[in-house]
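The values are calculated or read from the model by the stated rules, or taken from the named source; none is laboratory data. Please read these numbers as outputs of a predicted model, since none were measured by experiment. Here Cβ is always computed from backbone atoms with ideal geometry, including for glycine, and neighbour counts include all displayed protein chains. Side chains are part of the model used for accessible areas, which takes the heavy atoms of the whole protein and leaves out ligands, DNA and RNA. Shrake-Rupley method; radii C 1.70, N 1.55, O 1.52, S 1.80 Å.
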Amino acid sequence: MGQLDGKVVLLTGAARGMGASHARRLVAEGAKVVMGDVLEGEGKALAEELGEAARFVRHDVGSEEDWDGAIAAARGFGRLDGLVNNAGVLQNARLKDETHEAFERLLRINLHGTWWGLRKALPLLREAGGGSIVNVSSQAAMKSYPGLSSYSTSKWAVRGLTKVAAQEFGPDGIRVNSIHPGGIEETGMFGSSGASEEIIAQRKALIPLRRFGSKKDVSDVVVFLLSDASSYLSGVELPIDGGSIV
Ligand SMILES: NC(=O)c1ccc[n+]([C@@H]2O[C@H](COP(=O)([O-])OP(=O)(O)OC[C@H]3O[C@@H](n4cnc5c(N)ncnc54)[C@H](O)[C@@H]3O)[C@@H](O)[C@H]2O)c1
């Protein structure tokens, strides 16, 4: 028996990185998954590999129209029990150097995308009698990192939005939690950080568990938060960072 048998989950940013890991794991746990992403080739290929339990939709999380398409795909599975707001992008720039255009572009995906997701999923989750929303924030929403001005802003905002949504959606049986990964290896984002091997080794030495996280580490927590095993958890912010935030 899977931990998510019978549940339908909408997952954003599902084509690669952690999203692809979550998609595989959700299907393995018995869920039906609507996989959204802007990377059509990778997303479609993974959905095909996963079979009838997975459907890919081209879904830019900053677009209201695309959200309507993703929600319609969930309706095609008959219901919606969970949403994982995973899509995100990173931008390395000091506050003094970043253009306003770049700041807005990042917020449109990381923050507005989550905001749309919360609003668009609500009616179907209500219809299902409740559900679970997992917002992917970051360790960068728990402490400050110079050079990540727009990224940190977006992830701190997602942390706050999660709390408000947990309060507002709770009476409908909808739980809303945020997760805060530290450095997670083998993701597009980790690979694009631009850090030298020396810097990476220094960062690793500061993690109490002395290793970066794996995609599986995060998928395990996502499954838990979507499952009935976490049925009394809402408004929680969960670091997945080897003990770095203490
Ligand atoms: N990798 C890390 O170390 C790390 C740490 C903390 C938090 N996170 C967060 O985890 C989430 C997943 O990131 P990842 O590390 O797997 O990175 P990734 O770059 O491998 O995957 C991100 C996915 O989001 C998709 N995406 C980008 N813009 C989109 C848009 N407008 N609409 C829909 N999809 C879009 C990408 O195409 C990609 O498939 C992100 O929210 C990220 O901020 C990552």
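For (1) assigned to a helix (DSSP H, G or I); (2) open to solvent by 50 Å² or more (accessible area, probe 1.4 Å), each residue gets a yes or a no:
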residue	(1), (2)
VAL164	yes, yes
PRO171	yes, yes
ARG211	no, yes
VAL218	yes, no
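When ILE200, ILE207 are checked against the criterion of being open to solvent by less than 70 Å² (accessible area, probe 1.4 Å) and not in a helix (DSSP H, G or I), ILE207 stands alone in meeting it. Considering the range 1-99, the qualifying strands (runs of 3 or more DSSP E), each wholly inside and each with 3 or more residues that are under 22 Å from ARG126 (Cα atoms), run over 8-11, 32-37, 82-85. Taking into account only those residues within the range 76-105 that are near the ligand (Cβ under 10 Å from one of its atoms) and either in contact with a Cys (Cβ under 9 Å, 6 or more places away or on another chain) or open to solvent by less than 10 Å² (accessible area, probe 1.4 Å) (or both), which is farthest from SER150 (Cα to Cα)? Ranking the qualifying residues of the range 76-105, first place goes to VAL84. Here ILE179 fits the description: within 16 Å of the ligand (Cβ to nearest atom), closer than 21 Å to ALA31 by Cβ and not aromatic (Phe, Trp, Tyr).
Looking across the range 21-33, the residues that are of a type in the set (Gly, Ala, Ser) and open to solvent by less than 10 Å² (accessible area, probe 1.4 Å) come down to ALA23, ALA31. Picking from residues in the range 52-70 that are aliphatic (A, V, I, L, M) and open to solvent by 20 Å² or more (accessible area, probe 1.4 Å), the one that is farthest from VAL38 (Cα to Cα) is ALA53.
For the range 139-150, the set of residues classified as in contact with a strand residue (DSSP E or B) (Cβ under 9 Å, 6 or more places away or on another chain) and open to solvent by 10 Å² or more (accessible area, probe 1.4 Å) consists of GLN139, MET142, GLY147, LEU148, SER149, listed by residue number.
Screening ARG16 with (1) open to solvent by 30 Å² or more (accessible area, probe 1.4 Å); (2) more than 10 Å from the ligand (Cβ to nearest atom); (3) in contact with a strand residue (DSSP E or B) (Cβ under 9 Å, 6 or more places away or on another chain); (4) touching a residue at least 12 places away in the same chain (Cβ under 8 Å) gives one miss only, at (2).
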